[in-house]
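Working notes, beginning with the structure itself.
The values are calculated or read from the model by the stated rules, or taken from the named source; none is laboratory data. Because the structure is predicted, anything quoted here is derived from the model rather than measured. So basically every Cβ, Gly included, is an ideal-geometry build from the backbone, and we count neighbours across all protein chains shown.
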Amino acid sequence: MNDNQVIITHNLTRRFGDNAAVDGLSIRIEQGEVFGFLGHNGAGKTTTIRLLNGVLTPSDGYARVLGFDPVADGPSLRRRTGVLTENPSLDERLTARENLHIYADLYGVPVAAVNERVEHLLEMFEISDRADDKTGGYSKGMKQRLALARALIHEPQLIYLDEPTSGLDPLAARQVRELITHLSRQEGRTVFLCTHNLVEAQRLCDRVAVLEHGRLLALGTPVELGQRLVHHQRVEIEVGPADRSRAAEVLNAFPNLAEMALEGDVVSVSGISRERIPDLIAALVGAGVRMYRVTAQEPTLEDVYFALHPDREEAE
Amino acid sequence: MNSRAIRAVIRKDLSAVLRSKAVLIPLILVPLFLLVVVPAITVFAGGAASSASTTGASSDIAQLLSMVPEGLRTILNGYQGDQIWVVFATVYMFAPLFLVLPMMVSSVIAADSFVGERERKTLEALLHTPLTNWELLLAKTLSAWLAALAVSLVGFVLYTVVVNLIGWPTMGRVFFPNLMWMVLMFWVAPAAAGLGLGTTVLISSRVNTFQEAYQTSGLIVIPIVALVIAQSVGVMYFSVELTLLLGLGIWAIDVLLFWVGARTFKRDALITRL
């Protein structure tokens, strides 16, 4: 086992009756990674977190997390992990400060450090002003921020975040994304990020896994997945004003392009495979079109997701 | 054993309970009704009835004495006139009813703690903490049990004051509590709290709401009603020996309930029901 690998699963499976919520999952995650776990609702993301944290037992396969077997060493493992559950799961009859103090005790934060850490998190998540109000009266965003603060109260090595920006306003969502980056890049913590927000995953994740009906569909960096799974790209070509119509003629004659558009001096084409881009440039050069810029747009995770789910793209 | 974490869960559960009207109102009203209002009405009504009786107080008392078991008759014969009614009502008749208090309190808090936590969707975060299944069960049962003991003790003190006050004109001295009530408070009441608690924990895996759990666990007062009736018709009375035995029997049931509860209290099962 590589010392840097904080999560290893092999054929991890959890069935509920005949339905496999997680089906033969095999992944390896390294320390300090922001690992994105993508999938629509019910894909098995939350069940995977529960399995990895020793809250659910697998029906088959195994996991090693931070060197622990989640089934046998659950308490020791959970002391080192923090979880932001899909629902904030706060006791709404208690105040924010009380919630944090109780979880500091539950996670064994050194007694001498509790007050300072609680105050720091209240400040950091901008809850200080209402720290002594019952959390039942908080907005959804405030609850989410407090739940995130609670997940970090014991400074865990591994953090599971289940839809962390769900319900947050754009500013708060950006703060959370910055925090995730900070936790990973500056503090070396591993972040396991469950989301169906593909833009967020694209921005934050070093690698992503795409899950459907509990099965792993794809695994890799966003760039790798794009190159491997998205075979048609969009290319922008900037041409001189005098060459616009000639460029359009060449591109119209070029076989199997999905779409061509002309906007100012920029001609864009889509539906071209990566391998055919040099041919396209050669055709334009051959026709005497003077080009100032050719940009192939890297496929996004959204492109990857829809490449894996063509039926959904049609539905969209 | 992670005692700090266990204390944290107890603190969390009890702090939350003290801020919930649905839980707090029965915890205040039931003791007041059971230990103040009902005894006062009973003693005063008994006294008024014997004063108004055409045949006089002595024949009512004689009828009462003829109904009770031999051992209790011997005890009551040590008192005179209306004192017999006061002692019978406050010391013996209310003894089984007092047990409703620890049972009810532990049931309400356990229903809030086990089922209410699931209903409010606060359980998952707790299941992701380092607490073991055993520690979590222990913490949640202790919070309900300790609260039941505290309320019972307060109720016992309140009842002691009320009974001595309303009995003073007749008795002319402090006559309560006797040894049997001390056994009832410190031996049987903790067991009764465990009975309410254990029953609710078992029920909690089969119901989905706090109200359902509380209402279903309310069925455990049936044996208490049986004790009240049995004593009223003279089948038995709360002697010190019988009270000690009763406590032993309830403790035995508690151990059984807790054993079964511990076997069914599994993280996997709890989270699957969320």
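Kindly establish whether A:L216 is of a type outside the set (D, E, K, R), within 30 Å of A:F35 (Cβ to Cβ) and surrounded by 18 or more Cβ atoms within 10 Å (Cβ to Cβ). Break it down stepwise before answering.
Working: of a type outside the set (D, E, K, R): yes; within 30 Å of A:F35 (Cβ to Cβ): yes; surrounded by 18 or more Cβ atoms within 10 Å (Cβ to Cβ): yes.
Answer is yes for this residue.
Residues that are under 18 Å from the mean Cα position of the chain (by Cα), at least 2 per element: which strands (runs of 3 or more DSSP E) completely within region A:195-252 meet that?
Counting at least 2 such residues, we get A:207-212, A:215-220.
Please determine, by comparing only the residues of region A:154-168 that are closer than 29 Å to A:V199 by Cβ, within 11 Å of chain B (Cβ to nearest Cβ) and not aromatic (F, W, Y), which one is farthest from the chain's Cα centre (by Cα).
The qualifying residue farthest from the chain's Cα centre (by Cα) is A:P156.
Show me the strands (runs of 3 or more DSSP E) entirely contained within region A:1-115 in which 2 or more residues are touching a Lys or Arg at 6+ places or on another chain (Cβ under 6 Å) and free of Cβ contacts under 8 Å to residues at least 60 places away in the same chain.
Strands (runs of 3 or more DSSP E) meeting the threshold: A:5-16.
Tell me yes or no: at least one residue of region A:281-292 is surrounded by fewer than 17 Cβ atoms within 10 Å (Cβ to Cβ), charged (D, E, K, R) and at pLDDT below 90.
No - not one qualifying residue is present in region A:281-292.
If B:N77 meets every condition in (1) of a type in the set (S, T, N, Q); (2) more than 14 Å from chain A (Cβ to nearest Cβ); (3) touching a residue at least 24 places away in the same chain (Cβ under 8 Å) apart from one, which number is that one?
Only one criterion is unmet by B:N77, namely (3).
Take the residues of region A:28-60 that are of a type in the set (V, I, T) and either within 14 Å of another protein chain (Cβ to nearest Cβ) or touching a helix residue (DSSP H, G or I) at 6+ places or on another chain (Cβ under 9 Å) (or both): which is surrounded by the most Cβ atoms within 10 Å (Cβ to Cβ)?
At the first step, the residues of region A:28-60 found to be of a type in the set (V, I, T) are A:29, A:34, A:46-49, A:55, A:57.
Now restrict to residues that are either within 14 Å of another protein chain (Cβ to nearest Cβ) or touching a helix residue (DSSP H, G or I) at 6+ places or on another chain (Cβ under 9 Å) (or both): A:34, A:46-49, A:55, A:57.
Numbers: A:V34: 24, A:T46: 24, A:T47: 24, A:T48: 29, A:I49: 23, A:V55: 22, A:T57: 14.
Applying the filter and picking the extreme gives A:T48.
Quick one: which residue in A:L257, A:L262 is under 30 Å from A:L38 (Cβ atoms) and in contact with a helix residue (DSSP H, G or I) (Cβ under 9 Å, 6 or more places away or on another chain)?
From the options A:L257, A:L262, the qualifying one is A:L257.
Can you work out which of the residues in region B:237-274 that are of a type in the set (A, V, I, L, M, F, W, C) and modelled with pLDDT under 90 is nearest to B:L76 (Cα to Cα)? Steps first, please.
First, the residues of region B:237-274 that are of a type in the set (A, V, I, L, M, F, W, C): B:238, B:240, B:242, B:244-246, B:248, B:250-253, B:255-260, B:262, B:265, B:269-271, B:274.
Next cut, modelled with pLDDT under 90 only: B:262, B:265, B:269-271, B:274.
On the way: B:A262: 45, B:F265: 48, B:A269: 54, B:L270: 53, B:I271: 57, B:L274: 56 Å.
Looking at residues that are of a type in the set (A, V, I, L, M, F, W, C) and modelled with pLDDT under 90, I get B:A262.
Between a first residue in region B:1-29 that is outside any helix (DSSP H, G or I) and a second residue that is among the aromatic types (F, W, Y), which pairs have beta carbons less than 9 Å apart while being 6 or more apart in sequence or on different chains?
Hits for this filter: B:M1/B:W134.
List the number of the failed condition for A:H231; all other conditions in (1) surrounded by 16 or more Cβ atoms within 10 Å (Cβ to Cβ); (2) touching a helix residue (DSSP H, G or I) at 6+ places or on another chain (Cβ under 8 Å) hold.
(1)
Could you count how many residues in region B:136-145 are within 12 Å of chain A (Cβ to nearest Cβ) and either surrounded by fewer than 19 Cβ atoms within 10 Å (Cβ to Cβ) or at positive phi (or both)?
Residues flagged as within 12 Å of chain A (Cβ to nearest Cβ) and either surrounded by fewer than 19 Cβ atoms within 10 Å (Cβ to Cβ) or at positive phi (or both) within region B:136-145 amount to 0.
So is A:T85 crowded, with 21+ Cβ neighbours inside 10 Å, more than 8 Å from every other protein chain (Cβ to nearest Cβ) and among the β-branched types (V, I, T) or not? Even if it seems obvious, please write down each step before you answer.
Values: crowded, with 21+ Cβ neighbours inside 10 Å: yes; more than 8 Å from every other protein chain (Cβ to nearest Cβ): no; among the β-branched types (V, I, T): yes.
No; evaluated as a whole, the condition is false for this residue.
Any idea which of (1) closer than 30 Å to A:G82 by Cα; (2) more than 14 Å from every other protein chain (Cβ to nearest Cβ) is the one B:A95 doesn't satisfy?
For B:A95, the exception is condition (1).
So, of the residues in region A:148-186 that are among the hydroxyl-bearing types (S, T, Y), crowded, with 18+ Cβ neighbours inside 10 Å and not in a loop (DSSP other than H, G, I, E, B), which turns out to be modelled with the lowest pLDDT?
A:S184
List the number of the failed condition for B:F33; all other conditions in (1) within 20 Å of the chain's Cα centre (by Cα); (2) away from chain A (no Cβ under 11 Å); (3) surrounded by 14 or more Cβ atoms within 10 Å (Cβ to Cβ) hold.
Unmet condition: (3).
Pick out the one residue from B:W145, B:W168, B:W181 that is aromatic (F, W, Y) and in contact with a Pro (Cβ under 9 Å, 6 or more places away or on another chain). Steps first, answer last, please.
On the way: B:W168 fails: in contact with a Pro (Cβ under 9 Å, 6 or more places away or on another chain); B:W181 fails: in contact with a Pro (Cβ under 9 Å, 6 or more places away or on another chain).
Going through B:W145, B:W168, B:W181 in turn, just one is aromatic (F, W, Y) and in contact with a Pro (Cβ under 9 Å, 6 or more places away or on another chain): B:W145.
Restricting to region B:98-135, what's the tally of residues that are among the aliphatic types (A, V, I, L, M), in contact (Cβ under 8 Å) with a residue 12 or more places away in the chain and either on the phi > 0 side of the Ramachandran plot or within 14 Å of another protein chain (Cβ to nearest Cβ) (or both)?
5
Only one of A:R79, A:R97, A:R117, A:R64 is within 27 Å of A:I8 (Cβ to Cβ), more than 8 Å from chain B (Cβ to nearest Cβ) and surrounded by fewer than 23 Cβ atoms within 10 Å (Cβ to Cβ). Can you tell me which?
Within the list A:R79, A:R97, A:R117, A:R64, the selection yields A:R64.
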